[in-house]
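Here the structure is laid out as structure tokens; the discussion comes afterwards.
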Amino acid sequence: MPTTRNSKTIARVAVPAPLYRLFDYRLPKGCQDLPPGVRVSAPFGQRKLTGVVVACVAQSELPASKLKAVTAVLDEQPCLSEEIMQLLQWAAGYYQHPVGEVIHTALPVRLRQGKANAPQTESCWAATVESLEQAAEQLARAPKQRKLLSVVLDHPGISESRLNDLLDNWRGAMRSLQQKQLVMQRDNRISPACEQEPVAAHQPNAEQQQIIDTIQAQAQHATHLLHGVTGSGKTEVYIRLAEHAIEQGKQVLLLVPEISLTPQLTERFAQRLRQPVAVMHSGLNDAERHRIWHAAAQGELAMLVGTRSAVFTPMPQLGLILVDEEHDNSYKQQDGFRYHARDVAIVRAKRLDIPVLLGSATPSLESLFNAEQKRYLLHRLHSRAASRHTTRLELIDMRRQPIVEGLSEKLLSNIARHIEQGNQVMLFLNRRGFAPLLLCHDCGWTTRCHRCDAHMTWHKSRNRLRCHHCDSEAPTPTQCGECGSEQLIALGSGTERIENLLAERFAGVGLCRIDRDTTRRKGALQDKLAQVKSGEAQILIGTQMLAKGHDFPDVTLVGILDTDQALYSADFRASEHLAQLIVQVAGRAGRAHKAGEVQIQTHHPDHPLLQTLLHQGYEAFSHSALQERRAAGLPPYSHMMLLRCEATRADAADAFMREAREALQHSASEYGGEYGSGAVSIFGPLPAPMEKRAGRWRSQIILQSTRRKPLHLCARAAIARITQMKSAKKVRWSLDVDPVDTY
């Protein structure tokens, strides 16, 4: 059809570039008025980029001779729905980030690369038996086949690309399993989770049923906060609500903070819902991620379980959003586009007029504040759903007590008692490696990282020093770098050192250490979790990877080895994070029909935080912490932004920060008349808590206001000035809206 004078032949395109604007392009001849969400290939400088059309217009502010033409239109239909496009544009504005980079966050990598939005089918594998025991005789002398069958049983309908991620050289073993008729092959775009063996539904208790009924009765938008103690049956509430939504022909989105939590949650939902359920997280390869994303966008998935970025997945029939462990900092993106998935989920639900449920045993202070202000509807689960016992919390005073490699004799004797009773023990220490540092006994020299303001950790098993902030490595020294002495002492304990001690102390008892060092290889985490669930490992030693979500019914003792370093942190959120961590870790004990004990080692047993948690619980702590925040004028009683900067030279960072502060002060003064003098407070420039990291000097400015609007207006105006500053080209800088830490 010929174009007219008013034809919309100019596309406003978002390109993945760190620029706070859209770019106008001429559409190809005969093409006009493309819908938002369509991808195009367009020239950008010397490159060709995949952009996304945001709007089409009849005229541009630039003369036609200045406009470049779109090279190709890549989609017949929009990749991103109108709903998602509007959500992404809101997010770009709220988090003050370039809109092109924000929109591209929502696309799978293959679509960012300009590939067709039509994922190919892929061979998938499923077991023909229900357990390894049924194939024990056939696989008695085939350990590789046995391991492969175990993986297929754990991941029904697993794709070939996913097998490549988990295992090496698996195809020969798979052919053998196929010949033995233990597996079958088929083509499928999504895992047939609905073919999971069904399980009987639990009967909700009175508290659970009341919450389920209340939320189901309110079909329109509301933000519900479910505060349930660990083991109280929050997942059962999620499942019942998901069942109800799916029965109405709706899709369900469940956000989880960690990859390690997705397999067990997905299995539970698949067994109960009997509907297609898929998982989306960073551990998937590009092809698999695209297939799942496409299936969700086409409405083929009843339920999607995903980590942070899944919040932007198109789901045309979305009727319910669930956010598990809503307090978890993993929902906050800490680089690039610094969005908070929980908060985006709430906004998405509000725009769709659907309910969103936030669940946690330790809700964030922000969420509790919003419940107090009646913005959220608060629901409580006060008791454990499947246990007749409560967990006993106890502090172990480490002062003037003999300590063996970071463990008190009292804790060691309790470990022995629980092991003798046939139970499992979990020890938590959020510090991996053997020792946090090596120290020269003669002159005091320590193994500091040359790129960070931090010590290098000694990993004894690899005989290497490693910085856990920048990943620098060095051989373990045999003598002091200052005086040449060979008297080097390993100070402090990490998970590796604790493992070595317990292996000697409890010879013959199964040990399992779960941290980043032991779970790097393919399938390692699944193997270790299987050891724990089978009872092969009676003692678990781990970092934060073990702190949340896992259900180990035979764990009756949890030992928290070191809380002291977090008790006096400069970060105002540190006490909240520590309290949440203690409660979450403690919740791993006594989850079934066995009584649980939690013992916390500390040199500060009288600290108010520990005493409050011990005698009154998390609810009392959160009430006290909110009172302190109110008195100090800190979030959630104010709003905060953090302007961060880093540079290879300290003087470059200083120069940029001086100019940036002037831009911020100028912008803040513009709103003095409307919002009153001092509507926006500016603190800094200040050195970051770790001033040097990965060879770069770091500085920050804190912006704070009791009202959100002047803070955002000030930041938006300042960004326009900062992007024009010459000093900005010599540094990396970012604006963090609603930061979860000041690190």
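Sorting Tyr95, Tyr331 on the 10 Å Cβ count, fewest up front, what's the list? Kindly include the intermediate steps, with their values, before the conclusion.
Values: Tyr95 20, Tyr331 24.
Least crowded to most crowded, the residues run Tyr95, Tyr331.
Loop-located trypsin sites (Lys or Arg not before Pro) in the range 599-691 (DSSP state not H, G, I, E or B) with no more than 12 neighbouring Cβ atoms inside 10 Å: Arg649.
Let me make sure I get this right: for the range 663-732, a, b and c are the square roots of the gyration tensor eigenvalues over alpha carbons, sorted descending. Under 1.5 in a/c it's rounded, otherwise prolate if a/b > b/c, else oblate. Which is it? In terms of gyration-tensor shape, oblate. For Ala222, nonlocal amide neighbours, meaning residues 5 or more places apart or on other chains whose placed amide H falls under 5 Å from its own, are Val356. Applying the Karplus relation 6.51 cos²θ - 1.76 cosθ + 1.60 with θ = phi - 60° to the range 593-599 yields 3J(HN,Hα) values of 9, 10, 5, x, 10, 10, 10 Hz, where x marks Gly and Pro.
Taking the range 304-407, which trypsin sites (Lys or Arg not before Pro) meet the DSSP loop condition and have no more than 13 other C-beta atoms within 10 Å? When the trypsin sites (Lys or Arg not before Pro) of the range 304-407 are filtered for loop state and at most 13 Cβ neighbours within 10 Å, Lys374, Arg375, Arg388, Arg399, Arg400 remain.
Within a Cβ distance under 15 Å of Trp445, other residues only, what is the Lys/Arg minus Asp/Glu net charge?
Values: positive: Arg448; negative: Asp442, Glu482, Glu486.
Combined, the nearby Lys, Arg, Asp and Glu give -2.
Give the residue list of trypsin sites (Lys or Arg not before Pro) in the range 15-69 that are DSSP loop and have at most 15 other beta-carbon atoms within 10 angstrom.
Here the sparse-neighbourhood loop sites are Arg21, Lys29, Lys68.
Start at zero, step by 10 Å, and the Cα-Cα distances of the chain spread as 2, 12, 20, 25, 22, 12, 4, 1, 0 percent across the bins.
Could you tell me whether the range 10-72 comes out rounded, prolate or oblate from its Cα gyration tensor? Rule is a ≥ b ≥ c as square roots of the eigenvalues, rounded for a/c under 1.5, then prolate if a/b exceeds b/c, otherwise oblate. The partial results should precede the final answer.
Working: a/c = 1.31, a/b = 1.18, b/c = 1.11.
Rounded shape, in that the Cα axes give a/c under 1.5.
Taking the centroid of alpha carbons for each part, the range 420-472 and the range 211-270 are 39 Å apart.
The distance between label points at Glu504 and Gln334 comes to 3.4 nm (points 7 Å beyond Cα on the Cα→Cβ vector). Across the range 629-641, rounded Karplus estimates of 3J(HN,Hα) from the backbone phi angles (6.51 cos²θ - 1.76 cosθ + 1.60, θ = phi - 60°) give 5, 4, 5, 8, x, 9, x, x, 8, 8, 10, 9, 9 Hz, Gly and Pro being marked x.
For Leu378, nonlocal amide neighbours, meaning residues 5 or more places apart or on other chains whose placed amide H falls under 5 Å from its own, are Leu225. Backbone phi angles across the range 563-575, fed through the Karplus curve with coefficients 6.51, -1.76 and 1.60 (θ = phi - 60°), yield HN-Hα couplings of 10, 5, 5, 8, 6, 10, 6, 6, 6, 5, 8, 4, 5 Hz in residue order; Gly and Pro are listed as x.
The range 595-614 and the range 7-62 have their alpha-carbon centroids 59 Å apart.
For the residue pairs Lys692/Lys726; Lys410/Lys528; Lys528/Lys594; Lys460/Lys528; Lys66/Lys729; Lys147/Lys533, the C-alpha atoms sit more than 19 angstrom apart in Lys692/Lys726; Lys410/Lys528; Lys528/Lys594; Lys460/Lys528; Lys66/Lys729.
If R0 is 30 Å, the Cβ-Cβ spacing of Arg649 and Gln627 corresponds to a FRET efficiency of close to 0.10. In this structure, the amide hydrogen of Asp736, modeled 1.01 Å from its nitrogen in the peptide plane, lies closer than 5 angstrom to those of Leu642, Leu643, Arg644, counting only residues at least 5 positions away or on a different chain.
Taking the Kirkwood radius as the inverse of the mean 1/r across Cα pairs, report the Rg/Rh of the range 206-381. Display every interim value, and only then the final one.
On the way: Rg = 15.0 Å, Rh = 16.1 Å.
So for the range 206-381, dividing Rg by the Kirkwood Rh gives 0.93.
Charged side chains reduced to their Cβ positions (Lys and Arg at +1, Asp and Glu at -1) give the range 122-188 a dipole of some 300 debye around its Cα centre.
With both labels modelled 7 Å from their Cα along Cα-to-Cβ, the Phe683 to Arg658 distance reads 2.4 nm.
Would you mind ranking Thr214, Thr518, Thr105 by Cβ crowding within 10 Å, fewest neighbours first?
Values: Thr214 13, Thr518 22, Thr105 19.
Ranking Thr214, Thr518, Thr105 by Cβ neighbours within 10 Å, fewest first, gives Thr214, Thr105, Thr518.
No lab work stands behind these numbers, since they all come straight from the coordinates. Here the structure is a predicted model, which means the values were calculated and not measured. FYI the Cβ positions are ideal-geometry reconstructions off the backbone, even for glycines, and counts take in every protein chain you see.
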